[in-house]
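Structure first, commentary second.
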Amino acid sequence: MSIATRTGDDGTTSLLYGQRVPKDHPQIEAVGAFDELNVALGAVKPQLGATAPRGAAVHELVTTVQRNLIALMGELACAEPDAARFEQSKFERITAVDVARLDEAVAGLEARGLKFDGWATPGANPVAAALEQARTVARRAERRLSALPARGKTVRPELRQFVNRLSDLLWLLAREAEQ
């Protein structure tokens, strides 16, 4: 089976259970933003070598977050009428445990006494720059997520909390990489 199905040639794409929507549909925009975030986080990982602060631990955390993003994208790609079907499925979902993991990571970084003053100027080193890039993509994805309820898509509080904490975490990780 080819990746080139040609079904999108008309400017539409499928949601999780097959419903066709325009490629600029708000849910597709949100899924796309989180897909970009997943890629941006993937670009951070190769740079987390021995020279990066806590490189292995950050690599593991980023990998876990990437798995969470895949679950989040699946949930966002589900049409509202199929929400009950998704809830009954075996697909993974973001939970309060995932949010707590990010809260713990944020608290751990803040406890290190990171120094920062106002807006950051990205680019101190490649790791910090990659983390900043991921943070800005996370904030865009968060804006796309926040727009969905006005368009009829239910967004669980855990999704909003997760993305907001992730953006904060990426900001702190960039500050740590700078120092």
Measuring from a point 7 Å past the Cα of Asp103 along Cα-to-C-beta, which residues in the stretch 109-147 have an amide N at less than 16 Å?
109-111
To the nearest 20 Debye, how big is the dipole of the chain about its Cα centre, given +1 on the beta carbon of each Lys and Arg and -1 on that of each Asp and Glu?
80 debye
Degrees separating the helix 157-178 axis from the principal Cα axis of the chain, which is the longest one
30 degrees
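Stretch Val21-Asp117 to full length: gain in nm at 0.36 nm per residue minus the Cα-Cα span? All intermediate terms of the calculation are to be shown ahead of the outcome.
Working: separation 96, 0.36 × 96 = 34.56 nm, distance 4.44 nm.
Stretched out fully, the Val21 to Asp117 stretch lengthens by 30.1 nm.
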For the pair Gln179/Thr12, report the inter-label distance in nm, with labels modelled 7 Å from Cα in the Cβ direction.
5.3 nm
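Read the figures in this text as sums done on the coordinates, not as results from a lab. None of these values were measured; they are calculated from a predicted model. Cβ: placed from backbone, ideal geometry, glycine included. Neighbour counts: every protein chain shown.
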